[in-house]
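Trainee: After the structure tokens below, expect a handful of questions from me.
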């Protein structure tokens, strides 16, 4: 568009209205000349928009630096970029070791600001918030998300199912479960675990961890009561093999058997040299603990030290039997209700006790019983075995060679030694290097053997 005006002598220059309006627009837009131009108003400098322009939704490994910077752009209400503004980048999730730098960059000429993000050690989703403050208004905020995977599997450990108990030969109530993690403790899926039972059986030879890093198997206990073990392993992982322990409990009692103390003899009204011992068993031959055994004198009179005793952890129960006042045969029954009866026979002889031939006046007794001790330590006090007559007096007119045997819970001889009596007493210094339940059996030529009370060697 062009504008024209006529100027004559004595005339006044008159601009037509379109020319006047164009010059006003020219002044407002600071555009040189009065020719045509777009109308551009300056921005007001107030942040109105905060946009993510790069770095969102990146994947990464734990504790790694993301490859792309986090970038935002700040605009005013007209969409004009705003340089020189401070943008705050801050962690918005809990993740050990996470870091964002710089924390407070300044926007450049195009209104953008950038920061680097080092991920924390926790797998899953992590977040960073970018924030721009505004005077008199709520700050502008945007959030970046990173999807954090896991590192290489490095550790295996027990997660659940350890230290259970159940009947021998049964499947444990809870499965055995292990947890496989990376070096940061994140669960790792897809890792193979091998299973093996040292007692009983596992329902699979191997299993693979799920997304939660867990793998499991079911354990059927062996038929013997007591402590049992199973393992989970992966040779490349720290902590392998993982060991599970369980206690196999005896089943219901089915049999009561005579262990020792039958066919002894002693003078009338005297206590027999050795205790009477029975053992209560389940169907698999395991000792059944915590069951009552009644001791009932049948013939010959006499009495027992305990009319009722309770089976120990190996299923054993015992009592001492004092014979009746008359010479002849005495009988006694050990009774387990609902299971059975075991009979004992003894002879009350006017010549005195002993049984098994030889002397009829003397017998062996434990004057100092063995005591519970830690493995590898010397038992204190020392065990003493005495030779006494039918009145209980020490036999000192001659010396006896006493043999002492160490018996385990299944009556197997584990060690033995000898010592000679001095003034009727033989003293034994004892040190046992393996934990377990034991008892001692003392014997000498011509006299019936005597058994000690049961004792325990504990782990150091």
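Just so you know, all these numbers are worked out from the coordinates, no wet-lab data involved. Since the structure is predicted, the reported quantities are computational estimates derived from the model, not experimental observations. For neighbour counting, all protein chains shown are included, and Cβ atoms are generated from backbone atoms with ideal geometry for every residue, glycine included.
Trainee: Using a ≥ b ≥ c from the Cα gyration tensor of the stretch 314-439 (square roots of the eigenvalues), is it rounded, prolate or oblate, where a/c under 1.5 gives rounded and otherwise the larger of a/b and b/c decides, a/b for prolate?
Mentor: In terms of gyration-tensor shape, oblate.
Trainee: Grab the alpha carbons of the chain, take their convex hull, and tell me the volume per residue in Å³.
Mentor: For the chain, the hull spanned by Cα atoms encloses 234 Å³ per residue.
Trainee: Can you order the peptides 420-429, 266-275, 380-389 by their average number of other Cβ atoms within 10 Å per residue, highest first?
Mentor: 266-275, 380-389, 420-429
Trainee: If the viscosity is 0.890 mPa s and the temperature 25 °C, what Stokes-Einstein diffusion coefficient in µm²/s follows for the stretch 253-348 when Rh is the Kirkwood radius over Cα pairs?
Mentor: 187 µm²/s
Trainee: Then there's this: Can you report the principal axis dimensions of the stretch 144-210 using only the alpha carbons, biggest first, rounded to whole angstrom?
Mentor: The Cα atoms of the stretch 144-210 stretch 56, 19, 16 Å along the principal axes, largest first.
Trainee: Any idea what the relative contact order of the chain is, in percent, if you count C-alpha pairs under 8 Å spaced at least 6 apart?
Mentor: Averaging sequence separation for qualifying contacts and normalising by length gives 8 percent for the chain.
Trainee: What order do you get for 367, 204, 454 when you list them from fewest to most C-beta neighbours inside 10 Å?
Mentor: 204, 367, 454
Trainee: Could you check what % of the DSSP bridge pairs in the chain are antiparallel, to the nearest 5?
Mentor: So the antiparallel bridges in the chain amount to around 90 percent.
Trainee: Go through 220-226, 307-313, 195-201 and give me the packing order, highest mean Cβ count within 10 Å leading.
Mentor: Those peptides, ordered most packed to least, come out 220-226, 195-201, 307-313.
Trainee: Right, next: Determine the relative contact order of the stretch 333-454: mean sequence separation of Cα pairs under 8 Å and six or more apart, normalised by residue count, in whole percent.
Mentor: 27 percent
Trainee: So, one more: Take the Cα atoms of the stretch 104-147, find their three principal axes, and give me the spread along each one in whole Å, biggest first.
Mentor: Largest to smallest, the principal-axis extents are 38, 24, 14 Å.
Trainee: Next question. Counting other beta carbons within 10 Å of each Cβ, put 119, 179 in order, fewest first.
Mentor: The order, fewest Cβ neighbours first, is 179, 119.
Trainee: Please rank 402, 432, 145, fewest neighbouring Cβ atoms within 10 Å first, as an exposure proxy.
Mentor: By the 10 Å Cβ count, ascending: 145, 432, 402.
Trainee: Right, another one. If you fit an axis through the alpha-carbon atoms of helix 17-29 and take the longest principal axis of the Cα set of the chain, what angle between them do you get, 0 to 90°, nearest 10?
Mentor: Between helix and principal axis, roughly 40 degrees.
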